[in-house]
Structures are given as C-alpha cells and as structure tokens.
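These notes concern the structure reproduced below.
The values are calculated or read from the model by the stated rules, or taken from the named source; none is laboratory data. Everything quoted here is computed from the prediction, not taken from an experiment. Cβ atoms come from the backbone with ideal geometry, glycine included; neighbour counts cover every protein chain shown.
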Amino acid sequence: MEQLRLLLAIFLTIMVFLLWELLFVPKQLPVQPPAGSEQTSATREVARQHDPGAVSDSKDSLKSVPEMRSQGFGSIVVETELYKAEISEKGAAISRFFLKQYQETMDGNGGLKQLVPESNFAGTALAKFSAPGFEGMDTAVFTTDTEQSSWHVRNKAETISFFWTSPRGIVVEKQYVFYPQSYKIGLNITLANTGNTLLEPGLMVEMTNPMPDGGTFVFEGPFAYIDGSLEEIKPKKIKKEPVRKGEILWTGIEDRYFMTAVVPENPAQTEIRLQQESRNQLLRVAYVEPVKQLSPGSGYEYQYNLFMGPKKISELQSFGHGLDKAINFGFFDIIAKPCLWLMNAIHDNVVANYGVAIIMLTMLFKIIFFPLGNKSYRSMAEMKKLQPLMTEIRKKYKDDKKKMNEEVMRLYKTYKVNPMSGCLPMVVQIPVFIAFYRMLYESIELRHAPFFLWINDLSAPDRLFNFAFSIPFMAPPYGVPVLTIIMGATMFLQQKLSPPPGDPSQAKIMMMLPLIFTFIFINFPAGLVLYWLTNNVLSIAQQYYITRKTA
C-alpha cells in the first residue's frame with residue numbers, strides 16, 4: 001500500500017507539472033457607421049443595388065470609377081488609441097502593426113509590440129483570387145480614394161478604400177473600416193466584372209505571420225473554429241493536411257499572448273488553406289470564400305472583420321462572433337476561465353496587483369478545499385502514529401513480503417486507518433490545480449505585470465541580480481531564482497511533516513521530490529511559482545494544525 005502511495009505521488013507530480021501540458025497543448029461593441037468617402041466607387045454601387053453578393057447589369061455605372069492618384073509603393077498610416085497600422089499600396093495589405101499598450105520587452109527597449117514586424121515582408125490581410133488563372137491581386141499596386149497619408153481615429157469610425165483593376169477586367173475595391181477604442185477592423189472587398197464574359201475568380205483573405213515555434217507549454221500557430229469546435233493546427237502538420245474544410249466561423253494565427261484573425265460576416269461551408277514557407281519563415285492561413293459567378297456588369301461584396309490584438313477575454317467578447325472561444329486552457333478550460341475571471345475581479349476591485357490577486361485567489365481555493373485537506377492531513381497524522389509498529393513488522397517479516405503486507409493491512413484494519421484517504425482528497429483537487437496553473441501560464445494580464453521588489457514581471461522567471469555568465473539548465477536572464485528556492489524549501493518542510501515511507505529507498509525518493517520540483521520550476525513564470533509557494537505555505541499551516549490537534 002505504501003508503494004502505491006509513493007507511485008501515486010510521483011505520478012501526480014509529473015502529470016501536474018510536465019506531462020499534462022504536453023498532452024493537452026495542443027460583448028459586441030456598438031459599431032458606429034463608417035465615415036464614407038465622398039468618392040463612391042462603381043464596384044460598391046454595383047453591389048449595393050442587390051442583397052449581399054449579387055448582380056447588376058448596369059455597365060454605365062462601371063464607367064464611373066473615379067480617377068485615383070497613384071502613390072506607387074507608398075503607404076497610409078492609421079492611428080488609434082490602441083494601435084498604429086501602416087497599409088501599403090502594394091496589395092493594399094497591412095504592412096506594419098504596432099500595439100500601443102504593449103511593449104516588446106519589459107524594459108521598453110524593444111519598442112511597441114509588433115504584430116506585423118518587418119520580417120513579415122508580405123504584410124497581412126491580403127486579398128487574393130482563389131481560382132486558377134486569376135492572379136496578381138496580392139502583389140498589385142492599388143490606388144486610394146484619400147489624399148491623406150495619415151489618419152487619427154478618435155471619435156468615429158473612418159474608412160479608407162483601395163482600388164485595382166485586374167488584367168481580366170475585374171475592378172477590386174478593398175475597404176478598411178477603423179473603429180476607435182477597438183481592435184476590430186472592418187474589411188469589405190468588392191469585385192465587379194467590367195468585361196463581357198462570365199467570370200468565377202473566387203476570393204480568399206489571408207493572414208500571415210512569421211513562423212511561430214509551435215509552443216512548448218502553450219499552443220502557437222494557426223487556429224480555426226470549424227464545425228462548432230476549436231482546432232489548433234500544429235505547424236509541423238501543415239504539409240500533411242494543408243486544407244481544412246467545414247463551416248468556418250473564423251481563422252487566424254496565435255502565439256502565447258497575441259493573435260490575428262479574419263472573421264467573415266457570413267460564415268459558410270468552405271475551407272481554409274495553410275502554407276508554411278520554410279525559406280521565408282512565413283506562415284500563411286487563408287479563409288477561402290465559396291466561388292461566386294460574376295456575369296458581365298455585376299458585382300459582389302464580401303464583408304469581414306479583422307482582430308489584431310491581445311488574447312484578452314474581455315476584448316474578444318467585445319469583438320463578438322464567439323471569438324473568445326479562441327482562448328483555450330486545455331482539458332480543464334471550464335475551470336480555468338472562472339479562475340481568470342476571479343483573478344481579474346480581485347485585481348480590478350480589491351487590489352491593483354496581480355501578485356497579491358494570485359495570493360488571495362489561492363487562499364480562496366484553500367478555504368474551499370479546507371475540509372478535504374483536513375481529511376487528508378488527519379489520515380497522514382494517523383499514519384505517522386503507526387510508523388513504529390510498521391517498522392517492527394518490516395523487520396520481523398523482511399524475508400516474507402506477502403506476510404509483511406498481510407500484517408500491515410491487519411494493522412490498518414485494527415486501528416481503522418485507510419492509507420488511501422490521505423491521497424484521494426488531493427486527487428479531487430488536481431483538476432483545479434492544473435486549470436489554475438494553465439491559466440496563470442497563458443494569461444496576458446500577467447505579461448509584464450509587476451509584483452514587488454525584484455519581481456517586475458509575473459510572466460517571466462524570477463531572477464535576483466543579472467549575471468553576465470550563463471548557468472546550465474537556466475533560461476536567460478541568469479540570476480538567483482529566490483522565489484523558486486523558497487518554494488523548494490517549503491516543499492521540503494512539507495515533506496518532513498508527512499509520514500515517511502517505511503522503505504528507506506522510498507524515503508530517499510520522496511525526499512528528492514522537493515529538489516526535482518525546484519529544478520522544474522526554475523524557468524517557470526514567477527506568477528506560477530508564487531501560486532505554488534502560497535499553496536505550500538497554506539498547506540503547511542493546515543497540516544501543522546491538524547497534526548497538533550490529533551497528537
């Protein structure tokens with residue numbers, strides 16, 4: 001039975017802190033009417049005459065395409081309180097995108113966080129023809145309907161349109177709608193056939209991003225909501241399955257804290273296409289529209305919304321379209337999201353420090369599980385009383401394992417002690433611990449969030465001092481992991497309070513666990529270490545109280 005307890009302890013330890021992540025990693029804002037341009041394109045005139053999509057025979061209207069000044073490979077800068085975007089006339093793509101409320105690095109030396117960095121040479125939000133024989137839209141030089149080279153979006157939405165005519169006579173209007181105080185960007189694309197033949201060019205909107213590393217404890221890469229469930233597609237699987245089909249609500253690319261996504265206003269049974277460019281280290285995810293026929297003189301308007309911002313549940317809920325489902329904390333997501341809500345509620349309404357919020361939330365969990373903890377520690381205390389008797393039984397029957405186990409079980413029965421009662425209450429708490437652990441690891445709220453003294457970023461490992469030399473097995477920056485060492489010491493103290501196994505070899509293994517945990521936690525974010533340290537301190541206090549009470 002003691003061997004069972006030892007194996008269970010080791011198994012749960014590994015499950016919680018190592019294997020689990022590897023196995024499972026995979027409010028609508030009121031929209032202001034966009035401020036339209038005084039110049040109205042013929043493509044939009046064609047599309048407006050019908051329900052979304054459909055067709056007009058008025059060739060005269062197609063001749064009224066306004067003459068736009070060409071800016072060559074120029075760009076237009078759009079700035080809101082949340083971001084700064086640059087739109088290139090090449091492909092009318094978003095060529096740069098900075099988040100004004102987030103920094104690349106904690107010290108700010110890296111500048112603003114870039115969702116579209118210079119390494120993304122193609123830009124993002126690219127529009128392409130999806131049918132063979134209709135190429136060139138993504139690399140074409142568009143003209144624009146504005147003379148302004150920079151826009152400041154403050155009190156109302158602003159629109160900017162770009163135009164291009166394909167060699168086969170398709171007039172393309174690509175219109176962006178920028179909203180104040182929102183990471184939502186409207187994208188309306190209108191195709192108009194100015195030729196004399198029926199065309200089926202198709203359309204797809206492509207999001208691009210520099211290649212993510214795939215994530216270690218959290219997923220990074222392309223994702224999509226297909227047929228009512230979230231699919232996170234590991235980059236290494238793209239070559240095997242470059243196309244995913246179904247009813248697609250949205251798709252995009254994410255990393256640990258940020259994401260870009262394209263969300264069609266009218267989701268359909270269609271497909272997404274994925275491409276991984278090893279040479280350029282670029283990842284492409286395209287939402288492909290079902291092919292529509294464009295008869296001569298007809299037009300069709302496609303409507304999308306783009307999200308380019310932080311993976312923050314409040315922002316995604318405000319965006320709507322169920323985009324908050326893109327945040328997935330794994331198998332225990334149903335527990336992790338309420339934990340995140342509670343942590344934010346404590347931070348916003350009680351104390352404006354996420355470190356203190358983590359401590360208070362851990363205390364709340366300890367109160368909830370207090371009865372289970374009492375039962376577990378009471379069982380351990382009873383087991384500790386039996387240790388002298390169990391030692392005698394082992395000495396007496398050291399050459400007869402079967403008889404030894406029978407006598408140990410008889411001892412448990414005589415004193416009415418259930419050795420498993422010390423483990424089962426802890427098993428019940430494991431889902432909450434895992435969910436809370438996963439939530440803390442992925443929450444953008446902890447990114448660059450200070451706690452106190454040297455801990456100025458709860459999403460990074462705690463380091464006191466900054467050594468100029470590297471330390472084996474330690475991720476940079478290199479320094480003294482004070483919080484992690486204290487956590488290891490509390491685990492050692494907690495181990496001393498627990499009844500030791502009768503087998504000396506097992507006892508040695510159990511005493512090694514605090515050292516193993518300290519080694520594992522050395523590169524974990526400070527927020528996670530703080531959570532486990534707080535949990536250990538509260539557990540020690542409760543265990544000491546029960547042990548004294550039952551002595």
With the condition kept exactly as written, say whether any residue in region 307-326 is part of a helix (DSSP H, G or I) and under 15 Å from Glu220 (Cβ atoms).
-> yes
Practice problem: Kindly indicate whether any position in region 366-380 is at pLDDT 90 or above, surrounded by fewer than 18 Cβ atoms within 10 Å (Cβ to Cβ) and assigned by TED's automatic domain parsing to the domain that holds Tyr531. | Solution: yes
| said: Quick check on Phe223: is it surrounded by 22 or more Cβ atoms within 10 Å (Cβ to Cβ) and either aromatic (Phe, Trp, Tyr) or part of a loop (DSSP other than H, G, I, E, B) (or both)? | reply: yes
Reported set for region 381-398 where residues are of a type in the set (Asp, Glu) and modelled with pLDDT under 80 is Glu382
- [ ] For region 442-459, indicate whether the set of residues that are part of a helix (DSSP H, G or I), in the same structural domain as Ser376 (by TED's automatic domain parsing) and in contact with a Pro (Cβ under 6 Å, 6 or more places away or on another chain) is non-empty.
- [x] yes
Across (1) surrounded by fewer than 19 Cβ atoms within 10 Å (Cβ to Cβ); (2) assigned to a loop (DSSP other than H, G, I, E, B), Gly246 clears everything bar (2)
Filtering region 506-532 for residues that are hydrophobic (A, V, I, L, M, F, W, C) and not in a helix (DSSP H, G or I) leaves a count of 2
Only one of (1) hydrophobic (A, V, I, L, M, F, W, C); (2) surrounded by fewer than 22 Cβ atoms within 10 Å (Cβ to Cβ); (3) in contact with a Pro (Cβ under 6 Å, 6 or more places away or on another chain) does not apply to Ile334, and that is (3)
In region 266-288, anything acidic (Asp, Glu) and at pLDDT 95 or above is listed as Glu271
Selection from region 201-212 of residues touching a Lys or Arg at 6+ places or on another chain (Cβ under 6 Å) and not in a strand (DSSP E or B) yields none
Residues in region 170-200 that are touching a Lys or Arg at 6+ places or on another chain (Cβ under 8 Å) and in a loop (DSSP other than H, G, I, E, B) total 4
Within region 261-283, the residues that are more than 20 Å from Gly228 (Cα to Cα) and part of a strand (DSSP E or B) are Gln275, Gln276, Glu277, Leu282, Leu283
### Query
Any chance region 145-156 includes a residue that's assigned to a strand (DSSP E or B) and closer than 20 Å to Tyr287 by Cα?
no
The condition of being under 32 Å from the mean Cα position of the chain (by Cα), within 22 Å of Val263 (Cα to Cα), of a type in the set (A, V, I, L, M, F, W, C) and modelled with pLDDT of 95 or more holds, among Ile189, Ile238, only for Ile189
Quiz item: Is region 491-503 home to any residue that is of a type in the set (Asp, Glu) and farther than 26 Å from Lys366 by Cβ?
Solution: yes
| message | Given the criteria crowded, with 16+ Cβ neighbours inside 10 Å, over 25 Å from the mean Cα position of the chain (by Cα) and assigned by TED's automatic domain parsing to the domain that holds Tyr257, does Val172 qualify? | response | yes
**Prompt:** Residues in region 444-460: is at least one surrounded by 16 or more Cβ atoms within 10 Å (Cβ to Cβ) and at positive phi?
**Reply:** yes
